[in-house]
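Report on the structure given below.
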Amino acid sequence: MDLHHRQTLQQLDAAHHLHPFNDNAALAKKGTRILTKGEGVYVWDAEGNQLLDAFAGLWCVNVGYGRKELGAVAAKQMEQLAYYNSFFSCTTEPTVQLSAKLAELTPGDLNHAFFTNSGSEANDTILRLVRHFWAVQDQPMKNIIIGRHNGYHGSTVAGASLGGMKGMHKQGGLPIPDIHHIDPPFWFSDGGDLSPEEYGLVAARRLEDKILELGPERVAAFIGEPIMGAIGVWIPPMSYWPEIERICRKYDVLLIADEVICGFGRTGEWFGQQYFGFQADIMPIAKGLSSGYIPIGAVMFNDRVAGVLKEKGGELAHGYTYSGHPVCAAVALENIRILQDEKIVETCKNDTAPYLAKKWAQLGEHPLVGEARIVGMVGALELVPAKPARTNFEDRGKVGVTCRDHALNQGLILRATYDSMLLSPPLVISKAQIDEMAEKAWKALDLTA
Ligand code: PLP
């Protein structure tokens, strides 16, 4: 793209486009980076730079960029039937096929899909339908949902309330009533002298304490990400989730696993629950469902919850114009076909993810890295002032941004949350590309140190 055209676009962007999760005044001064093309694990910007996208856009481009099949099915479906809704006793073939495919693919008896446009809307849907689930069983007071501080469940009113991001709560008067938060499991800074497994049990029992404090008859559900992505890829010890499941069963609290990031292969299993060994009653999904090619999300409900909603719920006073959009459903189906036919998740689990784990551990030897954590194709490097102490920099975030910018100058996209350098590449990344990522990341660490 020539310089004049790029600068014109940047000026128009500064004048007319409010960017999410940005200081828009600062961004307008700096100028946005305009992306023009993607192929495999690479994207190109308007200046012609080729960048290895080790963040898969926003944890979502699981099959990689430039898959022509996805464009082709979208075009075909648009030409045949661009839109119909699921409201008026109607549906379309791709929507039905996708519901059945998700029932087959997802763990346990998560057999019922409610379609949304995004992960945030999936969590809004959950808040309303979980409360409805208890209300129609004569327990309207069982309406509290427990989330976790620093959790992320999206940006809508319910999503941001269920999440525990303080910065988000400050804007718009959140959280809404009857949502509580417990401390999340983060052994690195909170585990003290406990082993990770001991600490996992301690952290899970915070849920039991909270349920007993509020009264089990008040608590409708618990929601958590199998791995907490946005806050910095906080990976819980293996003891954590089975204990959470035990507690939820004991007090008849619905267990919601937010698989918006973990779903569709990110952990090396199809779903994070399979990696950690637990079973949710409700599961929001998005991102990897279409590999980000088209906006679509869903909530998967198990037989018990969907049964009550169907038998006792009456008319569901809830839905979106684009719930089950046929074009989005067709693209999601094709994306799942690619993941399955090309054995992308299996290849990650057995071949590329173990290789990545080795490279990641080597990066962990850098003097600036206090912890290199990884599961499957999602990880973080925790930057610290002095190893081996598990203590962060006082001026949190400054070093992380510096490292992120150095990586970008090397042609590598990593995300920084405070001083955690986050990794979540397309699942199709090859070993040679993993080497390239690791070399560039090491250089960025050297330049930062
Ligand atoms: N839940 C989790 C765990 C997420 O990471 C995200 C987004 O990053 C969301 C929900 C929200 O999804 P969306 O941005 O599609 O609304």
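No value in this document is a laboratory result; all are computed from the given coordinates. Fair warning: this is a prediction, and the values are worked out from it, not measured in the lab. Methodologically, a virtual Cβ is constructed for each residue, glycine included, from the backbone with ideal geometry; neighbour enumeration extends over all protein chains shown.
At each listed q (0.13, 0.19, 0.25, 0.30 Å⁻¹), what is the log10 of I(q)/I(0) that the Debye formula gives for the stretch 123-180 modelled as equal alpha-carbon point scatterers? So the normalised log intensities are -0.31, -0.62, -0.94, -1.19. As a proxy for reagent exposure, F87, F222 were ordered by neighbouring Cβ count within 10 angstrom, fewest first; the result is F87, F222. Going by neighbour counts of Cβ atoms within 10 Å, the residues D281, D178 line up, fewest first, as D178, D281.
The packing ranking, built from the mean of other Cβ atoms within 10 Å per residue, places the peptides 335-343, 121-129, 52-60 in the order 121-129, 52-60, 335-343, highest first. When both the stretch 386-414 and the stretch 26-71 are represented by their alpha-carbon centers, they are found 21 Å apart. For G370, nonlocal amide neighbours, meaning residues 5 or more places apart or on other chains whose placed amide H falls under 5 Å from its own, are E382, L383, V384.
Regarding the stretch 318-449, what is the average projected area of its C-alpha convex hull, in nm²?
Values: hull surface 43.6 nm².
Approximately 10.9 nm², given one-decimal rounding.
Taking a straight line from the alpha carbon of K343, these aspartates and glutamates sit under 12 Å away, with near neighbours fewer than eight places off in the same chain left out: E269, D351.
With 10 angstrom as the radius, rank Y418, Y199 by how many other C-beta atoms surround their C-beta, starting from the fewest.
On the way: Y418 16, Y199 21.
Ordered by Cβ neighbours within 10 Å, fewest first: Y418, Y199.
The tail of the calculated P(r) for the stretch 205-300, taken as Cα-Cα distances beyond 21 Å, holds 34 percent of the pairs. For the set K29/K166; K210/K250; K287/K398, the pairs lying more than 22 angstrom apart at their alpha carbons are K29/K166; K287/K398. Under 18 Å of direct C-alpha separation, and excluding same-chain neighbours fewer than eight residues apart, K37 reaches these aspartates and glutamates: D2, D45, E47, D53, E69. When the Cα centres of the stretch 344-371 and the stretch 427-449 are compared, how far apart do they sit, in Å? First find each Cα centre; the distance between them is then 11 Å. Per-residue Karplus couplings for the stretch 264-276, computed as 6.51 cos²θ - 1.76 cosθ + 1.60 with θ equal to phi - 60°, are listed in order as 6, x, 4, 8, x, 10, 4, 9, x, 4, 5, 5, 8 Hz, Gly and Pro entered as x. For the chain, DSSP calls about 70 percent of its internal beta bridges antiparallel. Scaling against 2.2 N^0.38 Å puts the C-alpha radius of gyration of the stretch 163-223 at 1.33. Taking the centroid of alpha carbons for each part, the stretch 260-332 and the stretch 139-192 are 20 Å apart. Peptides 160-169, 421-430, 309-318 ranked from most to least packed by the mean count of surrounding Cβ atoms within 10 Å: 421-430, 160-169, 309-318. Simple rule: put +1 on each Lys or Arg Cβ and -1 on each Asp or Glu Cβ in the chain, find the dipole, and look at G151, P385, F271; the Cα lying farthest toward the positive end is P385.
Compactness ratio for the chain: Cα radius of gyration over 2.2 N^0.38 Å (N = residue count) comes to 0.98.
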